[in-house]
1. Which one is farthest from the ligand (Cβ to nearest atom) among residues in region 175-195 that are surrounded by fewer than 24 Cβ atoms within 10 Å (Cβ to Cβ) and at negative phi?
2. Residue under question is residue 92, and the condition is that it be over 15 Å from the mean Cα position of the chain (by Cα) and within 30 Å of residue 239 (Cα to Cα); does it hold?
3. For region 15-23, does any single residue satisfy the condition of being within 16 Å of the ligand (Cβ to nearest atom) and β-branched (Val, Ile, Thr)?
4. Hey, any hits in region 204-213 for a residue that's modelled with pLDDT of 95 or more and either within 16 Å of the ligand (Cβ to nearest atom) or closer than 30 Å to residue 19 by Cα (or both)?
5. Restricting to region 311-358, give me the number of residues that are crowded, with 20+ Cβ neighbours inside 10 Å and in contact (Cβ under 8 Å) with a residue 60 or more places away in the chain.
6. Taking the options 7, 26, 11, name whichever one is away from the ligand (no atom under 16 Å from the Cβ), among the aliphatic types (A, V, I, L, M) and not in a helix (DSSP H, G or I).
7. Restricting attention to region 29-50, and to residues there that are in contact with a helix residue (DSSP H, G or I) (Cβ under 6 Å, 6 or more places away or on another chain) and in a loop (DSSP other than H, G, I, E, B), which single residue is nearest to residue 233 (Cα to Cα)?
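The values are calculated or read from the model by the stated rules, or taken from the named source; none is laboratory data. Not measured: the values here are computed from a predicted model. Neighbour counts run over all protein chains shown; Cβ positions are idealised from the backbone, glycine included.
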Amino acid sequence: MSYKLFIPGPIAVSEKTLRAMSQPMIGHRSTDFVALYNAIQPGLQALVYTQDPVYISTSSAFGSMEGAIRNLVKKKVLSCMNGAFADKWNDVALRCGKSAAALKFEWGQPVDPAAVRRELATGAYDAITIIHNETSCGCMSDLAAVMQVAREFPDVISIVDTVSSFSALPIKKDELGIDVFITGSQKALALPPGLSLISVSKRALARAATIPDRGYYYDFLEFQKNHENGMTPSTPVIPLIYALKSKLEDIAAEGIDNRHARHARLNQAVRDHVLAKGFKMFPREGYGSVTLNCFANNLNIDLAALNKILKSKHQLVIDGGYGKLKGKTFRISNMGDETDGTIASLLKSFDAAFAETPKLAS
Ligand SMILES: *Cc1c(COP(=O)(O)O)cnc(C)c1O
């Protein structure tokens, strides 16, 4: 049975993207590959708002997130934590044998710039990790405000995860002074999983050069050296790079400003519709994500039953809450290729399914 994903990743992949993947293989050291690699750089740099290269990594985002830690942390990293992915990133740093401090906020609360300043001012840190859009609880922090604080500390390398917000709104790497910008394929970009993108500043590369145990697979200096020849350090997932090229063409055809406006409009449409049923937002007001909505299940409905109906009768699924929020929240994605029409149809299905969903005994 086929059904459409409205969970916040992986998300639905278009037929066009799937077709783009079904092309003959080319050698990753061939001139054809170099042409492919070089052809997509300008489009990627435009989306990252950077003059720096955008490396292509064959892994999910967490590979690059671990790689950034290994390349850049010598003294101690400050992990800003306001959701499941941020919590995990802190754990990843510790598992890499690095010294890492947890700057915790309640799930659904944004990263507080003043708290970041207080911590960084101790002088204990040489890196900070920030998740722009905490997908687990639908909370989008004010990245400009956090980066303004980070820039006050020239010894601190900033590493920012934009996995679920990339290309849905402008995130201006160079202007904000982000040193390492990381994203993945299966969320905001609407590609299949397996590829991640990393853009690294010159000062971050200079830091990496001073760190001996960077490993190989994620060595940023290897990425840079290969980039200069239009290649990746090891054999990349070529079908996904074909898909990425196709997606960049789609984005150019739509126009980046139109793409941003579409995400804002569809996000608001879902939010208004579901709030009108009596649900509340989970994240703090003013910090809701633009690519998904995370609603509190304050009406105490049986989310498992709701999703069962959605899947069997409407051929779609939403998300019934991440980790410790399972059953307590639900999330609906508007990432990727959704349109006014597909969102209207989703909301119609939601209404019909909601009408037959039982409440849980309280
Ligand atoms: C999904 C997600 C990740 C992890 O991505 P993987 O592809 O599973 O490695 C990291 N950060 C955020 C914000 C995410 O939404």
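1. Only one residue tops the list, namely 175.
2. On the way: over 15 Å from the mean Cα position of the chain (by Cα): yes; within 30 Å of residue 239 (Cα to Cα): yes.
Judged against the criteria, residue 92 is a match.
3. Quick first cut of region 15-23, residues within 16 Å of the ligand (Cβ to nearest atom) only: none.
No, that holds for no residue.
4. no
5. Residues in region 311-358 being crowded, with 20+ Cβ neighbours inside 10 Å and in contact (Cβ under 8 Å) with a residue 60 or more places away in the chain: 16 in total.
6. Values: 7 fails: away from the ligand (no atom under 16 Å from the Cβ); 11 fails: away from the ligand (no atom under 16 Å from the Cβ).
After applying the criteria, what remains is 26.
7. Here the answer is 50.
Yes/no matrix, rows are residues, columns are (1) out of contact with any helix residue (DSSP H, G or I) (no Cβ under 7 Å at 6 or more places or on another chain); (2) aliphatic (A, V, I, L, M); (3) within 30 Å of residue 145 (Cα to Cα):
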{"position": "287", "(1), (2), (3)": "yes, no, yes"}
{"position": "294", "(1), (2), (3)": "yes, no, yes"}
{"position": "305", "(1), (2), (3)": "yes, yes, no"}
{"position": "308", "(1), (2), (3)": "yes, no, no"}
{"position": "317", "(1), (2), (3)": "no, yes, no"}
{"position": "322", "(1), (2), (3)": "no, no, yes"}
{"position": "334", "(1), (2), (3)": "no, no, yes"}
{"position": "338", "(1), (2), (3)": "no, no, yes"}
